[in-house]
Amino acid sequence: MNDNQPILMTGNEAIARGVYEAGCHVSSAYPGTPSTEIQENIGTYPEIYAEWAPNEKVALEVAAGAAMGGARAFASMKHVGLNVAADPLFTVAYTGVTGALVINTSDEPGMHSSQNEQDNRRYAEHAKIPLLVPSDSQECLDYTKAAFIISEEFDTPVLLRTTTRVCHSKSLVHTGSRAQIPIAPYVKNIRKNLMIPSHARLKHPEVEERLRKLSVYAESTPLNRIIPSRNPEEASIGIITGGISYQYAREVFGDSVRYLVLGFMFPFPENLIQKFADSVDQLFIIEENEPFIENACKRLGIACLGKEVLPLCDELSPDRIRAAFLPEFKDSEADEAKIPSASSNRIIDKNIPQRPPALCPGCPHRGVFTALARYRKHVISTDIGCYTLGALPPLDAGDFLFCMGSSISSGMGFAKAFQAAAASEKSAESPQRKVIAVIGDSTFFHSGITGLINVLYSRTPMVILILDNRITAMTGHQHNPGTGKTLQGADAPEIDLYNLVSALGFAQEQLFQVNPHDLEAVRNSLKEAMDYSGPAVIITKAPCALLPEVKNSVKETFYQVDRDICITCKACIRTGCPAIRITGGKSLIDPDMCAACGVCMQVCKPGAITGPFTRAKEKAHV
Amino acid sequence: MSDTAVITTRIMLAGVGGQGTILAAKIISEAAAAAGLDVKMSEIHGMSQRGGSVVSHVAFGSQVFSPLPDLKTVDCLVAFEKLEAIRQYGYLKQEGLLIVNDLEIAPMPVLSGFADYPQDGLKQLKETAGRILVLDAAGEARNIGMLQVQNLILIGALSTFPGLETFPWEETIKKTVRTQFAEINLKAFQIGKDLAAETGHEVNRNQHGF
Ligand SMILES: Cc1ncc(C[n+]2csc(CCOP(=O)(O)OP(=O)(O)O)c2C)c(N)n1
Ligand code: SF4
Ligand code: SF4
């Protein structure tokens, strides 16, 4: 990989390569789109200890501890993951490191797979640490390596901020070889490394001083570069930008303007910005989401145009930039549909049906949500994972959701509101509504378990369903503490959910484990759990239908509808299985798509659905 | 406004999660890189994989900046499914080429009876598109015993168009797909290429360049 032939790499692959080349020793992460493949790729380098942590706080703490111990360490997560990891972040920013610490946050303008659009550049400013922002895969590799050096030199964690279009775009990359970095010697120094108030009071001024030194560094680092226009004399427009926004701006303005591209975006290179602003007649600030650079310019009293014309919400695109800055474009294309974000588009027929994601055929979550249909009058507190899709039609089982792990804790809070209402009404007649929390295995390990402890501790009557599909599915099949495998696929101790929950103190009458494909079993356990006076937990255990071993085992099998018996009651359709549709007034199962879970058969009262059948062999070899 | 002498060719692949658009985009971008061009590829993973709409973009030329296309800037839209062709059609240049897989995958709102699958979609596209090539990639793939290779059939069709025919396709395919499937993927590629050549006259009559 060390020759001069450039290789096509995603930003995520290039960051992983950068981590490797930087001689990193320890890397910990929790999956989350669009960051996941960084750690998956780091896991392919045997020189690095790389793991999936149960959540981002643990990941950052592991990395921070390794850096304290003298290692070069790396942690990576999606933007909302940094909220989870914010606690250690703000204090490792005080202690600094013995080795080096780089933290990747992958933000999601446009929210392709996220619940909010927070701009984590602000975390760097808030935590007072340097911020690097690459704009393509080569920069992903180079900036990652630079980040380790900055971390070491300035005794600070460094935040590397990427966005979906950088993480998941491929461009050509020249790779290098791995640096041999020794573990830095750890020397005990509690005034630096053990933050109690008296030590932190001493540290805070040092953090401010470090920031001042970093801002001097920002003025001259090659990560901040000026790109001249093709005719320097003519350059009346200057653009300050960074990250993917630079690529879009360049697409629109080409080499007719002058650019200041901030790869080292915080602390701000104030003199450089001032000098650049002075060299042009008009200054545009082009950045996605928050006016981060723009506010810095305005604080310096520099006149510039940015968010007055650019949208705060959603991704940018070249067209969105054109519409904001080029009056001729705006006038000629009055149609507002002409200025879409990249995640919307213009179609010839606006009324065509949407194609929302859906639970796969054979998904083990389907049985759970099909059984939950009878409990829609209760409140379903859902969580983040494939099973969030159970809240959409036709399954329709879900009321509210905040963040990973909130199903149990916020469900408990909701139950307290129910209890308070019941106490004030004092009417025994009012039908009792309960809260049902739904959470996946990975999410339970991530941050559900603390909520569950609180439910038991507070004796809150509610039902908690832990959907154990034996993998972290939504983000593309990562192992977690319950799967018995490591990031690299090696055997690991398997944390058994039933034993874990029972060890917390859930007694036999409060704890159930069922196969979610067995509707009868799910329904019976739900009934018992709902009737129970205190908290009750149901663990549904069956592997994700997309796991290769499951997929292969049902490849040739399928269920069938007897169209003479089908009465078109649509009970099977309401399971939301993409393999079933109504054609010619009757249900039909696509045998290629069917994963033979049998859930549709169990809801078919007239018995029109039968199976499993096995396909003739010759049809589906290869 | 834009850079002097920078011409970018843009290909967009639109389909349904699980149809192999990502592998197809990988083959196209690797082939372009092997032909010595600057390349950018962009795709969305995550939520959209669960049977939702998916798009991948490939852009190549002497130097590529934005990995994303704007409306009406795509030179060739390869639609793996008819509804997705309609959905992404706005990105295609007026004189661009539309390759459509004559395949219908009903989305959830249609399956659950909340919406109808557009019946005259293909007709509409034929009337509107500057250049269009319709093939039954799914049927052809099933004929050779592996439904998953419809993406290679579509790439085969794409490979015949001016500017792309000199890319080292076969080599790239061999390098990209798993060894045990190389043969069937190459066969699929050839089928797509032949189909495009057969119907090619329809396309070539058009005076617009690619
Ligand atoms: C704080 C945070 N970290 C990561 C994510 C990304 N994420 C979304 S769902 C999910 C995992 C879901 O796994 P699991 O709970 O096992 O459910 P499954 O998808 O397997 O059904 C992750 C990691 C997130 N949304 N928020
Ligand atoms: S990936 Fe697995 S868990 Fe997710 S919807 Fe598909 S079958 Fe269900
Ligand atoms: S058995 Fe029924 S519900 Fe299960 S995958 Fe097949 S069609 Fe879908």
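The values are calculated or read from the model by the stated rules, or taken from the named source; none is laboratory data. Predicted model, so just to flag it, every value in this text is computed and none were measured. As a convention, Cβ positions derive from the backbone with ideal geometry for all residues, glycine included, and neighbour counts pool all protein chains shown. Accessible surface is based on the protein model in full, side chains and every heavy atom, while ligands, DNA and RNA are left aside. Shrake-Rupley method; radii C 1.70, N 1.55, O 1.52, S 1.80 Å.
I'd like to check something: does segment A:201-220 contain any residue that is modelled with pLDDT of 95 or more, part of a strand (DSSP E or B) and hydroxyl-bearing (Ser, Thr, Tyr)?
Restricting attention to segment A:201-220, the residues satisfying the condition of being modelled with pLDDT of 95 or more are A:201-220.
Within this subset, residues satisfying the condition of being part of a strand (DSSP E or B) are none.
Looking through segment A:201-220, none of the residues is modelled with pLDDT of 95 or more, part of a strand (DSSP E or B) and hydroxyl-bearing (Ser, Thr, Tyr).
Helices (runs of 4 or more DSSP H) wholly in segment A:37-131 with at least 1 residues that are surrounded by fewer than 24 Cβ atoms within 10 Å (Cβ to Cβ), more than 16 Å from ligand 1 (Cβ to nearest atom) and touching a residue at least 40 places away in the same chain (Cβ under 8 Å) - which ones? Steps first, please.
Values: elements: A:56-68, A:79-84, A:86-95, A:121-127.
Correct list: A:56-68, A:86-95, A:121-127.
If you go through segment A:578-593 and keep only what is open to solvent by 20 Å² or more (accessible area, probe 1.4 Å) and either in contact with a helix residue (DSSP H, G or I) (Cβ under 7 Å, 6 or more places away or on another chain) or not in a strand (DSSP E or B) (or both), you end up with A:Pro578, A:Arg581, A:Ile582, A:Gly584, A:Gly585, A:Asp590, A:Pro591, A:Asp592, A:Met593. If A:Val379 satisfies every condition in (1) in contact with a Phe, Trp or Tyr (Cβ under 8 Å, 6 or more places away or on another chain); (2) open to solvent by 10 Å² or more (accessible area, probe 1.4 Å); (3) more than 15 Å from ligand 1 (Cβ to nearest atom) but one, which is the exception? Looking at each condition in turn, A:Val379 falls short on (2). Condition test on A:Glu56, is it touching a helix residue (DSSP H, G or I) at 6+ places or on another chain (Cβ under 6 Å), under 30 Å from A:Thr388 (Cβ atoms) and either within 16 Å of ligand 2 (Cβ to nearest atom) or modelled with pLDDT of 95 or more (or both)? Yes; evaluated as a whole, the condition is true for this residue. For segment A:545-563, state whether one or more residues are away from ligand 1 (no atom under 16 Å from the Cβ), touching a residue at least 12 places away in the same chain (Cβ under 8 Å), within 13 Å of chain B (Cβ to nearest Cβ) and closer than 21 Å to A:Ile471 by Cβ. Looking for residues that are away from ligand 1 (no atom under 16 Å from the Cβ), touching a residue at least 12 places away in the same chain (Cβ under 8 Å), within 13 Å of chain B (Cβ to nearest Cβ) and closer than 21 Å to A:Ile471 by Cβ, one finds at least one in segment A:545-563, hence yes.
Consider A:Ala579 carefully, then state whether it is away from ligand 1 (no atom under 16 Å from the Cβ) and among the small types (Gly, Ala, Ser). Don't jump to the end; show me each part of the working.
Numbers: away from ligand 1 (no atom under 16 Å from the Cβ): yes; among the small types (Gly, Ala, Ser): yes.
For A:Ala579, the condition - away from ligand 1 (no atom under 16 Å from the Cβ) and among the small types (Gly, Ala, Ser) - is met.
Pairs meeting the criteria (first residue in segment B:68-81 and on the phi > 0 side of the Ramachandran plot, second residue in a strand (DSSP E or B) and not aliphatic (A, V, I, L, M), beta carbons under 9 Å, at least 6 apart or on different chains) are B:Lys72/B:Lys93; B:Lys72/B:Gln94; B:Lys72/B:Gly96.
Looking for whichever is among the β-branched types (Val, Ile, Thr) and within 26 Å of A:Val379 (Cα to Cα) here; the options are A:Val537, A:Val561, A:Val554, A:Val550. Which one fits? On inspection, the qualifying residue turns out to be A:Val537. Are any of the residues in segment A:428-441 surrounded by fewer than 17 Cβ atoms within 10 Å (Cβ to Cβ), within 14 Å of ligand 1 (Cβ to nearest atom), within 26 Å of the chain's Cα centre (by Cα) and more than 14 Å from chain B (Cβ to nearest Cβ)? No, there is no match, as no residue in segment A:428-441 is surrounded by fewer than 17 Cβ atoms within 10 Å (Cβ to Cβ), within 14 Å of ligand 1 (Cβ to nearest atom), within 26 Å of the chain's Cα centre (by Cα) and more than 14 Å from chain B (Cβ to nearest Cβ). Filtering segment B:43-67 to residues that are at pLDDT 95 or above and facing chain A (nearest Cβ under 8 Å) leaves B:Val64, B:Phe65, B:Ser66, B:Pro67. The set of residues in segment A:236-256 that are over 26 Å from A:Thr164 (Cβ atoms) and either within 9 Å of chain B (Cβ to nearest Cβ) or open to solvent by 10 Å² or more (accessible area, probe 1.4 Å) (or both) comprises A:Ser236, A:Ile237, A:Asp255, A:Ser256.
Contact map, segment A:605-617: first residue under 9 Å from A:Val561 (Cα atoms), second residue more than 13 Å from ligand 3 (Cβ to nearest atom) and open to solvent by 80 Å² or more (accessible area, probe 1.4 Å), Cβ cut-off under 6 Å, separation 6 or more or different chains; the map is empty.
The number of residues in segment A:461-478 being on the phi < 0 side of the Ramachandran plot and surrounded by fewer than 22 Cβ atoms within 10 Å (Cβ to Cβ) comes to 1.
Does A:Thr575 satisfy the condition of being over 17 Å from B:Asp116 (Cβ atoms) and either surrounded by fewer than 20 Cβ atoms within 10 Å (Cβ to Cβ) or among the aliphatic types (A, V, I, L, M) (or both)? Step through it out loud before you land on a result.
Working: over 17 Å from B:Asp116 (Cβ atoms): yes; either surrounded by fewer than 20 Cβ atoms within 10 Å (Cβ to Cβ) or among the aliphatic types (A, V, I, L, M) (or both): no.
When the stated conditions are applied, A:Thr575 does not pass them.
Considering segment B:103-136 alone, what residues qualify as being within 20 Å of A:Met593 (Cα to Cα), surrounded by 15 or more Cβ atoms within 10 Å (Cβ to Cβ) and within 11 Å of another protein chain (Cβ to nearest Cβ)? Reasoning before the result, please.
Within segment B:103-136, the first condition is being within 20 Å of A:Met593 (Cα to Cα), and the residues that meet it are B:103-113, B:117, B:136.
Filter once more, so that each one left must be surrounded by 15 or more Cβ atoms within 10 Å (Cβ to Cβ): B:103-112, B:117, B:136.
Passing the criteria: B:Glu104, B:Ile105, B:Ala106, B:Pro107, B:Met108, B:Pro109, B:Val110, B:Leu111, B:Ser112, B:Tyr117.
Only one of the numbered conditions (1) crowded, with 16+ Cβ neighbours inside 10 Å; (2) within 21 Å of A:Gly476 (Cβ to Cβ) is violated by A:Arg523, and that is (2).
Pull up segment A:361-389, narrow it to residues that are hydrophobic (A, V, I, L, M, F, W, C), within 14 Å of another protein chain (Cβ to nearest Cβ) and assigned to a helix (DSSP H, G or I), then point me to the one that is farthest from ligand 2 (Cβ to nearest atom). Before the answer, list the steps.
Narrowing segment A:361-389 to residues hydrophobic (A, V, I, L, M, F, W, C): A:363, A:368-369, A:371-373, A:379-380, A:384, A:386, A:389.
When the remaining residues are screened for being within 14 Å of another protein chain (Cβ to nearest Cβ), the result is A:363, A:369, A:373, A:384, A:386, A:389.
Retained after the next criterion (residues that are assigned to a helix (DSSP H, G or I)): A:369, A:373, A:386, A:389.
On the way: A:Phe369: 11, A:Ala373: 17, A:Cys386: 3, A:Leu389: 7 Å.
Going through the qualifying residues, I end up with A:Ala373.
Inspect segment A:551-560 for any residue being touching a Lys or Arg at 6+ places or on another chain (Cβ under 9 Å) and either among the aliphatic types (A, V, I, L, M) or part of a helix (DSSP H, G or I) (or both) and give the result as yes or no. Full working, then the answer.
Kept after step one, since they are touching a Lys or Arg at 6+ places or on another chain (Cβ under 9 Å), are these residues of segment A:551-560: A:555-558.
If we keep only those that are either among the aliphatic types (A, V, I, L, M) or part of a helix (DSSP H, G or I) (or both) as well, we get none.
No, segment A:551-560 has no match at all.
Just one of the numbered conditions (1) within 16 Å of ligand 1 (Cβ to nearest atom); (2) outside the structural domain of A:His517 (by TED's automatic domain parsing); (3) of a type in the set (Val, Ile, Thr) is not true of A:Ile539: (2).
Within segment A:504-521, does at least one residue satisfy the condition of being away from ligand 2 (no atom under 16 Å from the Cβ), closer than 27 Å to A:Gly81 by Cα and in the same structural domain as A:Thr370 (by TED's automatic domain parsing)?
Yes, there is a match, as at least one residue in segment A:504-521 is away from ligand 2 (no atom under 16 Å from the Cβ), closer than 27 Å to A:Gly81 by Cα and in the same structural domain as A:Thr370 (by TED's automatic domain parsing).
All conditions in (1) of a type in the set (A, V, I, L, M); (2) closer than 30 Å to A:Cys600 by Cβ; (3) assigned to a helix (DSSP H, G or I) hold for A:Ile466, with the sole exception of (3). A search for C-beta distances below 9 Å between a residue of segment A:397-413 that is over 22 Å from A:Ala373 (Cβ atoms) and any residue that is of a type in the set (Phe, Trp, Tyr) and in a helix (DSSP H, G or I), counting only pairs 6+ apart in sequence or on different chains, returns A:Gly405/A:Phe444.
Looking at this structure, is B:Ile27 modelled with pLDDT under 95 and β-branched (Val, Ile, Thr)? No: the conditions fail for B:Ile27.
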